[in-house]
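Worksheet for the structure shown next.
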Amino acid sequence: MEEKKKIAIAIDGPAAAGKSTVATRVAEILGFTYIDTGAMYRAFTYAVIKKGLDPTNEQQSCLVIPEVDITLTPDHRVFCNGEDVSEVIRTPLVSSQVSYIASYKDIRIALVKLQQKMAEKDSVVMDGRDIGTNVLPNAEVKIYLLADFNTRVMRRFEENIGKKLEVPYGDVAYELFLRDRIDSTRDFAPLKAAPDSIYIYSTPSSKIEDVVEAILEKVHQKTGMEIPCH
Ligand code: CDP
């Protein structure tokens, strides 16, 4: 039997723009695998901290590369060396350090390799910062999801409350500001829209379903794929 062509949808954008919510829903409707690449950088950061090393030190952090085994499960759990780190990787400590780890070339090379392997196996919706530019430059559909800064801070602030993480609004704002700055100014694969990406701007009144429908419409246009009833 002829093997079905794999389709890739790349969703990039700054922190807390709503990528993972939208990507999860699109993947669910299309029956694709959702890959949260941010979770992989977060898991790596956790591994460095757990070893007692300093994530702001590139040399120390890169030493851990051969020891880190990261797995994403179909039910969206994240494992690092066999430990379920799904919750701990969202804590303020990891959030405040992850962009340093993500700026180190050797760590990116290792994780990108893993991400590309995942996309060879299945049709995927992958979200991150460099998916359309670097990880999957041939993705059929590339989305750059934006939202203004205050909307993003409020979204993350409310998400934290939902997870019983009490982080003051000002701290959330500072963390997002700093992370966006490090992510967009690093030398290697910075946060950037691919030239062929479609920009979607989400506002506080945008409904997730509208953003999801806009993406599904693009998938249909670009690939001819029939969108399942949902
Ligand atoms: O969910 P949130 O928007 O806070 O961020 P995330 O997707 O969990 O990503 C956490 C961090 O990982 C980002 O701030 C980047 O530093 C890094 N990252 C990256 O450099 N490249 C990616 N493809 C994904 C994440």
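The values are calculated or read from the model by the stated rules, or taken from the named source; none is laboratory data. Because the structure is a prediction, the values reported are computed rather than measured. Heads up, the Cβs are rebuilt from the backbone with ideal geometry, glycines too, and the neighbour counts pull from every protein chain shown. Calculation scope for accessible area: heavy atoms of the full protein, side chains included, ligands and nucleic acids excluded. Shrake-Rupley method; radii C 1.70, N 1.55, O 1.52, S 1.80 Å.
Scanning segment 105-123 for residues that are within 10 Å of the ligand (Cβ to nearest atom) and under 16 Å from Ala47 (Cβ atoms) yields Ile107, Arg108, Leu111.
Listed here are the residues, each with its yes/no results for (1) modelled with pLDDT of 95 or more; (2) in a helix (DSSP H, G or I).
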| residue | (1), (2) |
| --- | --- |
| Phe79 | yes, no |
| Ser86 | yes, no |
| Val94 | yes, yes |
| Ser103 | yes, no |
| Ile109 | yes, yes |
| Leu114 | yes, yes |
| Met126 | yes, no |
| Thr133 | yes, yes |
| Asn160 | no, yes |
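Every test in (1) in contact (Cβ under 8 Å) with a residue 12 or more places away in the chain; (2) assigned to a helix (DSSP H, G or I); (3) among the polar types (S, T, N, Q) is passed by Gln221 save one, and that test is (1). Checking each residue in segment 135-145 for being open to solvent by 40 Å² or more (accessible area, probe 1.4 Å) and either assigned to a helix (DSSP H, G or I) or in contact with a Ser or Thr (Cβ under 6 Å, 6 or more places away or on another chain) (or both) picks out only Glu140.
Evaluation of Pro195 against the conditions (1) away from the ligand (no atom under 13 Å from the Cβ); (2) within 17 Å of the chain's Cα centre (by Cα); (3) under 23 Å from Ala102 (Cβ atoms) shows that the sole unmet condition is (2). Scanning segment 143-190 for residues that are among the hydroxyl-bearing types (Ser, Thr, Tyr) and under 24 Å from Val88 (Cα atoms) yields Tyr169, Tyr174.
Limited to segment 1-25, what total is found for residues that are in a loop (DSSP other than H, G, I, E, B) and within 14 Å of the chain's Cα centre (by Cα)?
Matching residues across segment 1-25 total 6.
Restricting attention to segment 29-47, the residues that are outside any helix (DSSP H, G or I) and either within 16 Å of the ligand (Cβ to nearest atom) or surrounded by 14 or more Cβ atoms within 10 Å (Cβ to Cβ) (or both) total 5.
Once segment 48-70 is narrowed to residues that are within 13 Å of Leu93 (Cβ to Cβ) and not in a loop (DSSP other than H, G, I, E, B), the residue that is least open to solvent (accessible area, probe 1.4 Å) is Val48. Every listed requirement among (1) more than 17 Å from Asp127 (Cβ to Cβ); (2) at pLDDT 95 or above; (3) more than 16 Å from the ligand (Cβ to nearest atom); (4) not aromatic (Phe, Trp, Tyr) is met by Lys5 save one, (2).
Looking only at segment 200-215, which residues are in a helix (DSSP H, G or I) and under 19 Å from the mean Cα position of the chain (by Cα)?
Matches in segment 200-215: Ile208, Val211, Val212, Ile215.
Name the residue that is nearest to Asp106 (Cα to Cα), counting only residues in segment 175-207 that are open to solvent by 80 Å² or more (accessible area, probe 1.4 Å) and touching a helix residue (DSSP H, G or I) at 6+ places or on another chain (Cβ under 6 Å). Here the residue is Lys192.
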